[in-house]
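Enquirer: Structure in structure tokens, see below.
The values are calculated or read from the model by the stated rules, or taken from the named source; none is laboratory data. Just so it is clear, the model here is predicted, and its values are computed rather than measured. Virtual Cβ from ideal backbone geometry, glycine too; neighbours counted across all protein chains shown. In case anyone asks, the SASA skips ligands and DNA or RNA and just uses the protein heavy atoms, side chains included. Shrake-Rupley method; radii C 1.70, N 1.55, O 1.52, S 1.80 Å.
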Amino acid sequence: MRQSRCFALLTSLSVLSLPAVLQAQTVIYLDEPDVGWVSPYLSYEANDKGQISTIGAVFQTDAHFQLAVGLASYYSDDNPQHGLYQPEIQFLNLDTSVRVGTFDKFSLYGEVGIALDELIFDEEEEDYYDRWGGHYEKMGPIDWFAGVGAGIELNNLSLRAFGRYRYLRSYEQEYLAALDPWVHGQPDDGQWFAGVELSLRF
């Protein structure tokens, strides 16, 4: 009889503790992992006219949205040489872009961005001159770009490949300041680039 009472008491305690266990499991299930983070990145992109190296940071607020800000350095060393003069086209942009897509084990996204420094300093309203004193007025909007990317997302590492179309008024300005368009042709302010990006999360 005493054993039956003990068994009944243990059964009652087990039944009473079951909702608490289920409740704890439910809380753990609803506690989704934090997807917000900040990550430094390096990227390199190039075409037949030049190359762009960028260092910056990626800010992710949820699983489908990222903001990337980086200092992009353009360098072109593929220009005709005239005597001892080797013109080089170089400029810096503060590239700022929005990326929308999926960033899970694999990433796939679309991206649009601008040169934020040109927007802040209102450079699109400035006239400029070529190396022979020719006067050029506003040549168009600020530098902007759009593209797509895909890659692998690991715990602390992202490796992506991307393609971008860039409108580079900065390239046009530097080209006209260094090269004679009558000899070298008109600058290509719209260019396609292909590149890779590596980012780390700590």
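Enquirer: Taking only the stretch 160-177 into account, find how many residues are at pLDDT below 80 and open to solvent by less than 10 Å² (accessible area, probe 1.4 Å).
Expert: Total meeting the criteria: 1.
Enquirer: Moving to a separate point now. Considering (1) among the aromatic types (F, W, Y); (2) open to solvent by 90 Å² or more (accessible area, probe 1.4 Å); (3) modelled with pLDDT of 50 or more, say which one Y41 fails and leave the rest.
Expert: The number of the failed condition is (2).
Enquirer: Regarding A68, is this residue open to solvent by less than 60 Å² (accessible area, probe 1.4 Å), at pLDDT below 50 and under 30 Å from N155 (Cα atoms)?
Expert: no
Enquirer: Does L157 satisfy the criteria of being touching a strand residue (DSSP E or B) at 6+ places or on another chain (Cβ under 9 Å) and open to solvent by 70 Å² or more (accessible area, probe 1.4 Å)?
Expert: When the stated conditions are applied, L157 does not pass them.
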